[in-house]
1. Which one of Gln556, His358, Ala286 is farthest out on the positive end of the charge dipole of the chain, using unit charges on Cβ (Lys, Arg +1; Asp, Glu -1) and the Cα centre as origin?
2. Under Stokes-Einstein, with the Kirkwood radius over Cα pairs standing in for Rh, what whole-number D in µm²/s applies to region 120-197 at 10 °C and 1.306 mPa s?
3. Filter Lys52/Lys87; Lys119/Lys500; Lys86/Lys147 down to the pairs with a C-alpha to C-alpha distance above 22 Å, please.
4. Do any cysteines in the chain lack another Cys Cβ under 4.7 Å, and if so which?
5. With +1 on each Lys and Arg Cβ and -1 on each Asp and Glu Cβ, how big is the dipole of region 29-97 about its Cα centre, in debye rounded to the nearest 20?
6. Find how much the distance from Tyr76 to Lys458 grows on full extension, using 0.36 nm per residue of separation minus their present alpha carbon separation; answer in nm with one decimal.
7. Over 10 Å intervals from 0, what percent of Cα-Cα pairs in region 309-537 sits in each interval?
8. Once you have the Kirkwood Rh of the chain from its Cα pairs, apply Stokes-Einstein at 37 °C and 0.692 mPa s and quote D in µm²/s.
Amino acid sequence: MNKVLRYYFRAPEAGFDPAKYTDHYSNNVNFTIFEALYEYDYLARPMKLVPKVAEALPQMSADGKQYTVRLKKGIYFSDDPAFGGKKRELTAQDFVYCLQRIVDPANRGAPWDFILKGKLIGLDEKIEAANKKGGKFDYDKPFEGIKALDRYTLQFNLKRPDFLIPQILAMPATSGMAREVIEKYGEDVDAHPVGTGAYQLRTWERRNRIVLEANPNYRGYRYEPVAGGQNIDPAMVKALQGKTFPQAGVIDIRIIESPQSAWLAFDDGGLDIMAELGSNLANTVAPGGTLAPKYQKLHWQHFRELSQSVQWKMFNMEDPMVGGYKPEQVALRRAFSLAFNSAWNNWIVQMGAVEQSHSPIGPNVTGFDPKFRNALLRYDPARANAMLDVFGYKDCDGDGYREAPGCKPLKITYLTSIGKDTRDDEEHVLATWNRIKIKSDVKKVQFPDLVNARQNGKYQMAYGAWNADYPDAENFMQLLYGPNSGPANESRFRNAEFDKLYEEIASSPDSEARNEKLRQMSRIVAAYAPWMLEFSKVDTFLSQPWVQGYVPHPDQFPHFLMWDIDMAQRLQRLGQQPK
C-alpha cells in the first residue's frame, strides 16, 4: 500500500455506474473497479479475447443464436454495508440483473441499451413495458434471453445469429454488480461503486480527484499470455509472468484539463504516466516519432501507435437548420465537407499526428478497408459555394452571409469541450463556414456536459469520436443505425437501406460479402453526410523510468492492475533519498 501510482484524466468523469455513464473517463474507473465476463489479453496484438470472471470462452451453438457461459467460483465483491457484514460472492444471477439494468430507461435513459436491445429473446418486450406511461422495468420477470441455469452458469438466447456477443460481454457496461448495492444507494449509487475488481474507490472529489485502493477481497491475478496470440513484447511477457497482481496499492488520479499543466506535472515527476499527448506536445517530445535526445537521457519510456478510433464533426439530423434529408439540407452538410480543408486540419491543426479517415470504421479492426475513399473529402470550396447557390442559400439582406432557402435566418453553433488544445480546431470550423459565407459560432462546455448534450440531441453541430469497444466494424456502424438514435446514434441519422445492411452485417461472420456491405454503408454515410469524417489519432504515451509493466492497450483503458512502481528508483531520481 506504500506504492502510489499517480495518473491523470484529461477531462472530468461523470459517475461510477457502468449502466448509466458512457464517457471515457467514467469508463476508465468502471473498468478498474468492476469486472466483465471477458477482457482482452494485455499484450496480444491484434486484440485477443480471454476470460475474466468466466471460466472459459463461451460455448456457442452451431447457428450462433445461443451462448453458454460458466463463471469462476470464489470471486467476491469488495466489502460494503449493503452486504450486512458478510462476504458476497459473484453469481450468474448478478449478470441476469445487471445486464437488464443496461436497457432500463430509468437509468439515465439507458445510454448503453444499443448493445443488447433487439438481440435477446423477450428483452424488447420488457423495455416496451417499462416505456409505457406509469411503467417500470420488471427485473424479476423471467425471460428467455438471459437465464441463470444454476449459481455459476449463464445462458444467452438470441433472436438472430450474433457472433459478437462474446466481445460485447467484455465491455465495462456489462460488468457484474450486486442488486442489494443498487437498491441500498438508489440514485447515489454512482458514488458507491462496489465491484469485484482489483481496486475499490477510496475517495472521490467530483471532477477534481479520484483515489483508488487495492481491494482486499480481490483474488489476485497471474499473467499468462493467451495461446495463439502475437505478443508485442516478449521481454515484457517474461517480466510479468510469475508475479501476482496488483502490485501498486493506490492509484491517485487527478483531473487536469490543461494539457500544459499535465505536461509540467509529468516533467517534474509528479505524474507517472502521460497518456495520449496532444499533437503539439507529441511533436515537441518525439519529433518524427522518435523521443528527443534530452528526454532519452531521462530514460522516459515512449510509445506511439495508431488508435482504433475515428473522429468526426457531426450534425444533429433532427435540427431544422443542419438536419434533414431534403436535397437542400443534404447540400448544406456536403458543402461544409467540401469547404473543410482536411490537409490543413491533419498537418497544421493536428500537426501530422493523425491518419485521414474515409469511412466511419476505425483502423485495425475486422471489416476496415484501408483502400476505401470518400469522394466528398476533396477540398473544393468553389464547388461548395456553387452547390449552395443552386439550392437556394442566398445573401438576402446584403450582410455578406447566406440565409437559408426562403431567406430564413441561418447560423450554425459548433459545440465542443473546454480544457483541450482546441482553439485551432475551433478556428478551422469557423473559417470553413466563413468560406461558404455562413454565420457560425462556438460554444464550449465541460466534457461530461458535451456528452450529455449530444446524447439528448441538444446541439446543431458537435465534435465526436469513438474508440473501438471491440475490434469489429459493427461497433462503429451501430453509431449510425436508426433504432439507436439517441445515446448511441448521437447524430440521429436514419436511413432504411443503411439500417437493413447493418442488420445483415450484425448477423454475419467476417467475409468479403460482409465487407462489401460495409463499404456500401460507408457510401451512404458519405452521401447524406451526417458526419464529416476527420481522422484516426496516432497516439503518443510516456511513462517515467520507475514505472514497470506499462504498455498502452488498443482498448484505451488504463490497465492499472498490470502496472508497478519502483519506489526506490522514483525517490532516488526525484532527489528524495541518497543515491
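Values in this text are rule-based calculations from the coordinates and carry no lab data. Note that the structure is a prediction, hence the values are computed from the model and not measured. In this analysis, Cβ positions are derived from the backbone assuming ideal geometry, glycine residues included, and neighbour counts consider all displayed protein chains.
1. Of the listed residues, the answer is Ala286.
2. Numbers: Rh = 14.8 Å.
This corresponds to a translational diffusion coefficient of 107 µm²/s.
3. On the way: Lys52/Lys87 20 Å; Lys119/Lys500 15 Å; Lys86/Lys147 26 Å.
With Cα atoms farther than 22 Å apart: Lys86/Lys147.
4. Lacking a cysteine Cβ partner under 4.7 Å: Cys98.
5. Details: 10 positive and 9 negative charges, 30 e Å.
Rounded to the nearest 20 debye, it is 140 debye.
6. Details: separation 382, 0.36 × 382 = 137.52 nm, distance 4.13 nm.
Taking Tyr76 through Lys458 to full extension adds about 133.4 nm, to one decimal.
7. Once binned at 10 Å, the Cα pair distances of region 309-537 give 8, 34, 37, 18, 3, 0.
8. Working: Rh = 25.2 Å.
Once the numbers are plugged in, D ends up at 130 µm²/s.
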